[in-house]
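This report concerns only the one structure given below.
The values are calculated or read from the model by the stated rules, or taken from the named source; none is laboratory data. Given the structure is predicted, the values throughout are model-derived calculations rather than measurements. For neighbour counting, all protein chains shown are included, and Cβ atoms are generated from backbone atoms with ideal geometry for every residue, glycine included. Side chains are part of the model used for accessible areas, which takes the heavy atoms of the whole protein and leaves out ligands, DNA and RNA. Shrake-Rupley method; radii C 1.70, N 1.55, O 1.52, S 1.80 Å.
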Amino acid sequence: MMDLLGYGAFFLTTALIFSLVTLGLNLQWGLTGLFNVGLAGFIAIGAYTSALLTTPDDAARLGGFDLPILAGWLGAMLAGGIAAAITGIATLRLRSDYLAITTFGVAVVVQLVALNAQKLTGGPFGIGFIPRPFGGLAETPLLFNLSNLAVVSVVTLIVYLALEHLSRSPWGRVLKALREDERAAISLGKSARFYRVQAFAVGGGIMALAGALQAHFTGFIAPDNYLPILTFQVWVMLIVGGSGSNKGAVVGSILVWAIWAGSGSLTSVLFSPEQQARAASLQIVAIGVMLCVILLVRPNGLFGDRPRRPRFGKRAKVATGESGTAS
Amino acid sequence: MSLQFVVDGLLAGSMIGLGAIGVTLTYSILRFSNFAHGDFMAWGAYATLAVVGAIGAMFGKIAPIAPLSFGWPLIVAVVVGMTITGLLALSLDMVLFARLRAKGQAIIVVMASFGASMALRSLLEFIFGSRPTYFSRAIQIAMPVGFGIRITPDQIALLLVTAVLVLGVHLLITRTQTGRSMQALSQNAALARIVGIDVAKVVRVTWIVGGALACVAGVMIGILIQIRPFMGFDMLLPMFAAAILGGIGSVPGAVLGGLIIGMAEAGAVQLIGAEWRAAVSFIILMTVLFVRPIGLFGVRER
């Protein structure tokens, strides 16, 4: 019973960290319509920044500044925000696909740096001894898991409430206006690019914060934690929950993580160890097909209530868009 | 610095360029960045490998053609593989992309291609396993051709194949009626429809050409390096960078962009080490976006 409770707390902690990333993505995509496929990169930037700032001094690599955990989290948000802002400045005056390609590149490069810049990131061996909040409780796993859950819940709640407030604030209304009808918003004197860069940077900062939380929760990070599959998982979470809705982002994350973890343990029961790698790839196929099917059948997800209108007004077939021909 | 990087760069550039042609065609005609394009490469390579295996099972061991490491089975298999990959692209469009395109939101199609990419790649991993395989394990002796450059017969053959294919695509686009329709559609879709261009046909040709070229690029990677499920995914960033550097929509641009990136990569391998290879295309991509986002041969978006 206690084991189950401990696992429940552990599961929820992971799911909530995912939901933090999904919330950041929802600000970028759901609210502003910015397509980011480099989530893994921004999460990694946060994790590594926070790890560098808070770990004890290490002769083998740069840094280990031994700062308090909170300083690490703030540094992570700053680093993620700056990386996102630069990406946005380069691409956001162009067609939206360029942002996708560039963020994809960011993820590739971050992965490369994590793997090869041994002096900075510890290379393939990663960084260990990342201080854990309530590390003193690690002797009693249940208490440790529950206190972690409490910390992550509080952070998620703060971010959630802040985002809810933001999306109703004048700032959020400008973003939505840009998403729905760029020309009208610009004619009201709003600089589209400036607002988009801001939204993208804030979203990137939230993702980096999630990476930092994860790093401090597990105490160890390595390049393998930040493969493209991570980006993909979060996208599925947002689409299932419904883009545009913060509630959807959180519920979608918990739901998809439950499916993912559940099917993962199912395959480990059903398949012999040598076949598990193959079963795992089949699991990814299933999730990929699921994403495509949801996009086809129910693009608004569970809670998404965002009015679907083409952003590129050239073929403005609103409402009756279903009858459009292939172009 | 030895001049060997010229040959390495030309070869890497051929693979990137052949892939980038497909990327640039889908982008300009269907108006979305196809993240599954790299996986077409991997599928093409594995399809070709499977056909080679089937031919080997039917006819026994066949000696390679004189100096090359492969014989006629591979040549037959590539043609079959190109057809399979073209059909794969076509059917993916039918079940997924075309339906989403009809809803009118370009970026949703990109998202779906991202999901499809993940599914296609993992499906390969499921069927063939994740361990790298090869068309041939024979080692070729590189011949010195002066200036400290060495080249193998395989590499010469592949460079020739690339040149022929690029010329062929260029002629298709500039000299045939279908090619002109493709250009018209990429320049002004609405007008192209009004003058009665068969849009469905152009879309089909785009997918088949893009898929077939991706297959050839994948087979080249298989002959020169190795075959693994992630091989195409790793080419995605160089291909996008090449297409953008050359100017979206321009076939010669995509090839030239590919060659520039291939050369830069090969040069970087000599200067700063192979582990940073993948960063080269990102740096070029960012530079182009900041300095000249329409690329070398691009036209401003209308």
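Some observations on this one:
- Computed [θ] at 222 nm, deg cm²/dmol, chain B (DSSP H ≥ 4; -39,500 (n - 2.57); rounded to nearest 500): -23000 deg cm²/dmol
- Label sites at residue A:134 and residue A:119, each approximated as a point 7 angstrom past Cα along Cα to Cβ, lie 4.0 nm apart.
- Per-residue shielding of A:88-101, expressed as the average number of other chain Cβ atoms within 10 Å of the residue Cβ, stands at 6.
- Proximity of backbone amide H atoms, modeled 1.01 Å from N, is registered between residue B:151 and B:143, B:145 at under 5 Å, excluding neighbours fewer than 5 places apart on the same chain.
- Accessible heavy-atom area order of A:139, A:180, highest first, probe of 1.4 Å: A:139, A:180
- Rounded to the nearest whole Hz, the Karplus-based 3J(HN,Hα) values (6.51 cos²θ - 1.76 cosθ + 1.60, θ = phi - 60°) of the range A:175-181 follow the sequence 4, 4, 4, 5, 5, 7, 8, with x at glycine and proline.
- Cα centroid separation, the range B:1-51 to the range B:202-264 (Å): 2 Å
- Tilt relative to chain B, helix B:153-175 - C-alpha long axis, 0 to 90 degrees, to 10: 20 degrees
- Table column - 3J(HN,Hα) (Hz), the range B:284-296, Karplus curve with 6.51, -1.76, 1.60, x for Gly and Pro: 4, 4, 5, 4, 4, 5, 6, 8, 8, x, 7, x, 6
- Listed residues B:221, B:127, B:284, most fluctuating in chain B (Gaussian network, C-alpha, under 10 Å): B:127
- Radius 15 Å from Cβ of residue B:74, net charge of other residues (Lys, Arg +1; Asp, Glu -1): +1
- The residues A:278, A:179, A:95, B:137, sorted by heavy-atom accessible surface at 1.4 Å with ligands and nucleic acids left out, run B:137, A:278, A:95, A:179 from largest to smallest.
- Lysine pair count for chain A with Cα-Cα distance under 25 Å and sequence separation of 8 or more or different chains is 5.
- Residue among A:174, A:152, A:113 with the largest mean-square fluctuation in a Gaussian network model of chain A, springs linking Cα atoms under 10 Å: A:113
- Sorted peptide list for B:240-249, A:63-72, A:281-290, criterion being average Cβ within 10 angstrom, highest first: B:240-249, A:281-290, A:63-72
- CD proxy at 222 nm, helix term only [per DSSP H run n ≥ 4: -39500 (n - 2.57); per residue of chain A; nearest 500]: -23000 deg cm²/dmol
- Rolling a 1.4 Å probe over the protein heavy atoms of the protein assembly as shown, with every protein chain left in place, gives an accessible area that is 70 percent carbon and sulfur.
- Both chains summed, the buried accessible area for A and B stands near 5000 Å², from protein heavy atoms and a 1.4 Å probe.
- Shielding by partners - mean other protein chain Cβ count within 10 Å, residues of A:282-290: 5
- Other protein chain C-beta atoms within 10 Å of residue C-beta, averaged over A:112-124: 1.
- HN-Hα J in Hz across the range B:113-126 - Karplus 6.51, -1.76, 1.60, θ = phi - 60°, x for Gly and Pro: 5, 5, x, 4, 4, 4, 5, 4, 5, 5, 5, 4, 4, 5
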